[in-house]
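The values are calculated or read from the model by the stated rules, or taken from the named source; none is laboratory data. Computed from a predicted model, the values in this text were never measured in an experiment. Cβ: placed from backbone, ideal geometry, glycine included. Neighbour counts: every protein chain shown. Areas reflect the complete protein model, heavy atoms only, side chains present, ligands, DNA and RNA absent. Shrake-Rupley method; radii C 1.70, N 1.55, O 1.52, S 1.80 Å.
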Amino acid sequence: MTKRRDIDAVRNLSGDIWNVAVDEYQGGFLKRRDLLKYAALLGLTGFAASQGLGGARAATAAGGTVRVGLGQPTKAIDPVSVTDPASIGVLSQVGEYLILDDPKDGLQPKLALSWEANETASRWTFKLRPGVKFHDGRAVTARDVVASFERLVDPASGSSALSAYKGILSKDGAKLVDDETVAFDLDGPNSNFPFYVSSDVYNAVILPADYAGDFEKNFNGTGPFKLESFRPKQGASFVRNEDYWGDKALPDRVEIKFFDDEQAQVLALQAGQLDVIPSTTRLELAIEGNPNFKLLSVQASSHDQVHLRTDQAPFTDKRVRRALALTLDREAIVKGLLKGRAIVGNDTPFAPIFPSADPSVPQRKQDIAEAKRLLGEAGVPNGFEVTLTTERAYDIPDYAVIIQNFARKAGIDIKLNVLPQDAYYGSATFGSSPWLDSVLGITDYGHRGTPDIFLNATLKSSGAWNAAHFNNPAYDALLLDYSKARDLQAQRLVAGKIQTLLLDETPAIISYFSQYSRIVSSKVEGVRFTAISHLLLDRVSFVQA
């Protein structure tokens, strides 16, 4: 009876859309944590906080310096154009978003206190947190928020977020309502829009309206730390922001050192010179079984997408595309390549962690006999030769070899062309990018809290990252239906259709969704991070010997 009374108490907090989610929770289709995440999506931040999300923090002593190792930023650190993990790690000490997409608790209010949509989800209105100041002492107002987003959607600004906002938010879409209220008029209905102004779009840091692109001069943000010193190619240090709007940071300082080599990072960690470093499979082996270190992980929607160019031979025939996908043993890849720190994918961007994913869609499994049958039906019974082009990064070269070996079982001969990252991405435009122009390739995609960006940017006919050159009007129409769906049942119904279509067409192979990890000294507690490389250190404390 207690659960029934609890359900009745929350059922009418926000109308029919919320009530559908409550029904799904009651019916066992939605976990409690996912229900609370959905509450945050709808702007029911007060309800989410009342259930123990985003507010309660254990008391602990302040002080000390957190020492962090990161790779080298690829260019000047500018929130508008940043793309690399090291720069995002630095930026997250000082910069903040309207909303934080917390890996455990979902959307949490930061510079926005609340948000709500109109009936069609084509306009979203955000109430801003009062009393927030930039590090230079100026108050944050709605004008700063409007200018920040207008900058991100301006093709002339050099924004790295243009592809994320394409078809979602255009110039003049952000509107000033009053000093503490901003409205977004979208290009079309989108029930997941709060994710687009959250940390999921890592460029969406709120900056002063008069920002001139000189971020490295002062790192002027609103975050819990502010700049002490910055040394290009060497590192940066930050001190506690005593004027921070929220709970003051526990550490006195954060010290970040840039490294050219990942092995040097683990050696510095082992020598006691660092407290936190990024994680790779090779580095994890170096600290395995050592009680002085721990591996922290969060499940993510990160994945390495294999694109099959649908407009060029041999992949113009969907039977050939499906045949290649059927050669992969996904469970073996997760267990072997990723040491079990991933979940199996089903060749669509709908990771199982997304509540809108339809779990009833059958999971694709290895079937060499069926792969050979499809190749014969497609007129290539003896297989074919093809070149797989990809980037020399992370575990991707090893993954390419695994694909090569599995494909050989069906007679498919894959030649590997592994390029440095810069060469692989080229200009990141069609016609001058091995990523977007190759017949077969592997590209890493970082975590997002919703599948929308993957669905639109990588597979929509007009998608900026559509390396498969997939042009399918039925798919594009389903995307529109998905964006209009106002509750989880409606989203899941459309998601199932999208998942089924993509399995049939197979413009891409997604065989796993990775966890995201950091290696941390056992002497520190409270290290938090997102799967998009944000490093949240304001709650770090040190274990006393």
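Structure values in brief
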{"item": "Single residue of Gly496, Gly449, Gly411, Gly426 found to be over 24 Å from Asp101 (Cα atoms) and at pLDDT below 95", "result": "Gly426"}
{"item": "Residues being under 14 Å from the mean Cα position of the chain (by Cα), within 13 Å of Thr530 (Cα to Cα) and open to solvent by 10 Å² or more (accessible area, probe 1.4 Å) - total across region 80-104", "result": "6"}
{"item": "Hits in region 86-132 (condition: touching a residue at least 12 places away in the same chain (Cβ under 8 Å) and polar (S, T, N, Q))", "result": "Ser87, Ser92, Gln93, Gln108, Ser114, Thr120, Ser122, Thr125"}
{"item": "Residues (out of contact with any helix residue (DSSP H, G or I) (no Cβ under 8 Å at 6 or more places or on another chain) and not small (Gly, Ala, Ser)) located in region 504-515", "result": "Ile510, Phe513, Gln515"}
{"item": "Every pair of residues 6+ apart whose Cβ atoms lie under 7 Å, when the first sits in region 380-395 and is farther than 19 Å from Ala325 by Cβ while the second is in a loop (DSSP other than H, G, I, E, B) and of a type in the set (S, T, N, Q)", "result": "Tyr394/Thr280"}
{"item": "Checklist (1) open to solvent by 30 Å² or more (accessible area, probe 1.4 Å); (2) out of contact with any Phe, Trp or Tyr (no Cβ under 9 Å at 6 or more places or on another chain); (3) closer than 30 Å to Glu255 by Cβ applied to Thr141, failing item", "result": "(3)"}
{"item": "Within region 185-304, strands (runs of 3 or more DSSP E) holding 3 or more residues that are open to solvent by 40 Å² or more (accessible area, probe 1.4 Å), out of contact with any helix residue (DSSP H, G or I) (no Cβ under 7 Å at 6 or more places or on another chain) and touching a residue at least 12 places away in the same chain (Cβ under 8 Å)", "result": "253-259, 293-299"}
{"item": "Search result, residues across region 463-480 that are in contact with a helix residue (DSSP H, G or I) (Cβ under 8 Å, 6 or more places away or on another chain) and exposed (fewer than 15 other Cβ atoms within 10 Å of the Cβ)", "result": "Ala474"}
{"item": "Near pairs, Cβ below 7 angstrom, 6+ apart or cross-chain, from region 525-545 (at positive phi) to any residue that is open to solvent by 30 Å² or more (accessible area, probe 1.4 Å)", "result": "Gly526/Arg539; Ser533/Pro85"}
{"item": "Residue selected from region 204-246 under the condition within 25 Å of the chain's Cα centre (by Cα) and aromatic (Phe, Trp, Tyr), by the criterion nearest to Leu535 (Cα to Cα)", "result": "Phe225"}
{"item": "Contacts under 8 angstrom Cβ, first residue in region 306-318 being surrounded by fewer than 22 Cβ atoms within 10 Å (Cβ to Cβ), partner among the basic types (Lys, Arg), 6 or more apart", "result": "Thr310/Lys318; Thr310/Arg321"}
{"item": "First in region 420-433 and free of Cβ contacts under 8 Å to residues at least 12 places away in the same chain, second anywhere and open to solvent by 50 Å² or more (accessible area, probe 1.4 Å) and not in a loop (DSSP other than H, G, I, E, B), Cβ under 7 Å, 6 or more apart", "result": "Ser433/Tyr425"}
{"item": "Criterion violated by Thr348 - all others in (1) more than 22 Å from the chain's Cα centre (by Cα); (2) closer than 27 Å to Ser438 by Cβ satisfied", "result": "(1)"}
{"item": "Segments classed as strands (runs of 3 or more DSSP E), wholly inside region 64-121, with at least 1 members that are at pLDDT below 95 and polar (S, T, N, Q)", "result": "106-109, 112-117"}
